[in-house]
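J.: Below is a structure I'd like to ask you about.
The values are calculated or read from the model by the stated rules, or taken from the named source; none is laboratory data. What you see is a predicted model, and the numbers here were worked out from it, not measured in a lab. Every residue, glycine among them, receives a Cβ derived from its backbone with ideal geometry; neighbour counts consider all protein chains shown. The area values use the complete protein model at the heavy-atom level, side chains included, leaving out ligands, DNA and RNA. Shrake-Rupley method; radii C 1.70, N 1.55, O 1.52, S 1.80 Å.
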Amino acid sequence: MYGLKAITAHNGWAMALAGALIVFSGLVLLSLVISQLHKVLMFFEKKSVDVQQDPEIPDVEPSEDTPGFLLPKPFPADINEIVRLYNPLIEALGESFYLSELYEILRKNDFPHPHITLTALRESKILIPDGDGVFTWNPPTENDDNEKNEG
Amino acid sequence: MELLFQFLSNTGYYLADYRNVIMIMVGSLFLYLGTAKRYEPLLLIPIGFGILVGNVPFFKGFGLGIYENNSVLHYLYFGVVTGLYPSIVFLGLGAMTDFSSLLARPVLMLLGAAAQMGIFFTLLGALAFGFLPKEAASIAIIGGADGPTSIFLTAKLAPHLIGPIAIAAYSYMALIPVIQPPIMRLLTTREERLIRMPELRQVSKKERVIFPAVGVLLCCFLAPASIPLLGTFFFGNFLKECGVTDRLAQTARTAIIDTATILLGLTVGASTQGDVFLTGKSVGIFLLGAVAFSIATGSGVIFAKIMNLFLKEKINPLLGAAGVSAVPGSAREVHLVGQSEDPENYLLMHAMACNSSGVIGSAICAGVLWSFMVGL
């Protein structure tokens, strides 16, 4: 059996329609839940801070999202300045490291625009891919800068 | 002399027929594409080499071929026909996936849902072509562009089609750079491709830890048949995000997924023995697979355009093409097409959000189709 007759005989229309609706409604529900997740968490965190706060000791413990070190404001746009700020992080990660690890550290420390900066560093050949998500750090040396200036 | 003649008549050179030769050429093409062109090498190289291994002619009954009981390949193939390897691959995939971008912009999950429409259109197409419902469902899932999901569902519904369906699914995944960009360009205007996406908000660790637990409950309560895939997928992600099982997460996203991928690729490749693989059905599966993949890409893009009619902050419709679950190939392609119009436009993280929701969507589709076929 072929064509529309086969689709009808095997209940194809109902399966396709019901299947599409189920998948769509499942993902819509999931997206609705996760869109409210941070609000729910914020509500509970606020509540727990209110309960724990001692009126005589107004200091509040820094949250886990507090930046680990001070970043200059505004954040520099110059790639060499960015390299200088990234250097201590890279030293902590070692000679070769997973890009995801670096990204995670950048996020934890509130570095602005981490994706854009990482892409710029890759395009400038400062982040060199070694394959399988592992990268090495190749900061420009002073000689490079001089050569560029001379060129 | 007789012994020598007997030996010669049992060699592959003597037993080979044209179907083996064709398949060996296909396997060599896969190896070439994977090695020289770097098209999905982690998939195409094990599969390509498996095709070579599976198409060495041998005399039947000696326990050598993948379809012969007691052969080594047959035992390794066990993980394919039981759906074990896809499940393990999903564990590793979960341990690799970062859902931050999806959590930051949950509306992008709708694009992952829209791209699954290719599956249901193809279900109708396959039925119209005369395939039986279980075969049609297995072919349709190619539209999800997810190799392990395709293999899992086919193993459950139509195990005799695993070879062609797996090869079709992985071939189209490898051909994403060829298939998707023309469809994206055809369905969007330049102005639409230039739309920039805003920087994503920062997602807290708690959100990332809670998401896999919420995800597995919501999705698997809806489609319990997707537990073998989504259960391990979200478990792997929980290992990654909870912060106290780094060793397990590291093993899941390296050694475990690599082992499963090697065995999956090699045995799926070896299952394409010329005499079993080269049939009219396989040609039909390849044609329908291309249709499924193209419709999936198109429906994601068109749905993004429809969403833009209602959204204040427009989204770049190219992102719809990343709703198929070919991770990270389609996200990369969306990013590249976006950058070809505007080199300053960074769509990758948004596209990864659609991509990861596509993985969830296609696994739910597999569960739904499997449950529809129970009793047929």
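J.: Working carefully through the options B:A270, B:A290, find the one that is on the phi < 0 side of the Ramachandran plot, at pLDDT below 95 and crowded, with 24+ Cβ neighbours inside 10 Å.
T.: Answer to the check: B:A270.
J.: Sticking with this one: I want to confirm something. Restricting to region B:37-46 and keeping residues that are within 18 Å of the chain's Cα centre (by Cα) and in a loop (DSSP other than H, G, I, E, B), which single residue is farthest from B:Y77 (Cα to Cα)?
T.: B:R38
J.: Another question, if that's okay. Across region A:5-21, what is the number of residues that are facing chain B (nearest Cβ under 7 Å) and open to solvent by 50 Å² or more (accessible area, probe 1.4 Å)?
T.: 1
J.: Sticking with this structure for a sec: What's the number of the only condition in (1) of a type in the set (F, W, Y); (2) closer than 21 Å to B:T82 by Cβ; (3) open to solvent by less than 50 Å² (accessible area, probe 1.4 Å) that B:F235 fails to meet?
T.: In the conditions (1) of a type in the set (F, W, Y); (2) closer than 21 Å to B:T82 by Cβ; (3) open to solvent by less than 50 Å² (accessible area, probe 1.4 Å), B:F235 misses (3) alone.
J.: Moving to a separate point now. From the list B:A158, B:A174, B:A168, pick out the single residue that is surrounded by 19 or more Cβ atoms within 10 Å (Cβ to Cβ) and free of Cβ contacts under 8 Å to residues at least 40 places away in the same chain.
T.: B:A158
J.: Which is within 20 Å of A:D132 (Cα to Cα), in a helix (DSSP H, G or I) and of a type outside the set (A, V, I, L, M, F, W, C), of B:G27, B:G34?
T.: Sole residue among the options that is within 20 Å of A:D132 (Cα to Cα), in a helix (DSSP H, G or I) and of a type outside the set (A, V, I, L, M, F, W, C): B:G34.
J.: Show me the helices (runs of 4 or more DSSP H) entirely contained within region B:223-272 in which 2 or more residues are of a type in the set (A, V, I, L, M) and within 14 Å of B:L42 (Cα to Cα).
T.: Helices (runs of 4 or more DSSP H) meeting the threshold: B:257-270.
J.: Let me ask another. Considering only region B:326-340, I want to know if a residue exists there that is within 14 Å of chain A (Cβ to nearest Cβ), crowded, with 24+ Cβ neighbours inside 10 Å and under 23 Å from B:P212 (Cβ atoms).
T.: yes
J.: Of the residues in region B:88-117, how many are open to solvent by 20 Å² or more (accessible area, probe 1.4 Å) and more than 24 Å from A:E104 (Cα to Cα)?
T.: Number of matching residues: 3.
J.: From the list B:F62, B:F49, B:F120, exactly one residue is farther than 30 Å from B:E241 by Cβ and not in a helix (DSSP H, G or I). Which is it?
T.: B:F62
J.: If you don't mind, there's one more thing I want to ask. Scan B:L103, B:L124 and give me the residue that is within 13 Å of chain A (Cβ to nearest Cβ) and under 24 Å from B:Y172 (Cβ atoms). Break it down into steps so the answer makes sense when it comes.
T.: Numbers: B:L103 fails: under 24 Å from B:Y172 (Cβ atoms).
Every option except B:L124 fails the conditions.
J.: Regarding region B:182-196, can at least one residue be identified that is closer than 22 Å to B:S362 by Cβ, more than 14 Å from every other protein chain (Cβ to nearest Cβ) and among the β-branched types (V, I, T)?
T.: Yes, because at least one residue in region B:182-196 is closer than 22 Å to B:S362 by Cβ, more than 14 Å from every other protein chain (Cβ to nearest Cβ) and among the β-branched types (V, I, T).
J.: While we're here: Could you please find all residues in region B:6-24 being part of a helix (DSSP H, G or I) and surrounded by 10 or more Cβ atoms within 10 Å (Cβ to Cβ)? Please lay out each step first, then the result.
T.: Here is the first cut: in region B:6-24, the residues part of a helix (DSSP H, G or I) are B:6-9, B:12-15, B:18-24.
Listed by number, the residues that qualify are B:F7, B:L8, B:S9, B:G12, B:Y14, B:L15, B:R19, B:N20, B:V21, B:I22, B:M23, B:I24.
J.: Would you mind telling me which numbered condition in (1) under 28 Å from A:A18 (Cβ atoms); (2) open to solvent by 10 Å² or more (accessible area, probe 1.4 Å); (3) part of a helix (DSSP H, G or I); (4) without any contact (Cβ under 8 Å) to a residue 12 or more places away in the chain B:F78 fails?
T.: (1)
J.: Please count how many residues of region B:206-227 are under 28 Å from B:N345 (Cα atoms) and more than 7 Å from chain A (Cβ to nearest Cβ). Break it down stepwise before answering.
T.: Filtering region B:206-227 down to residues under 28 Å from B:N345 (Cα atoms) leaves B:207-208.
Then drop every residue that is not more than 7 Å from chain A (Cβ to nearest Cβ), which leaves B:208.
Qualifying residue count, region B:206-227: 1.
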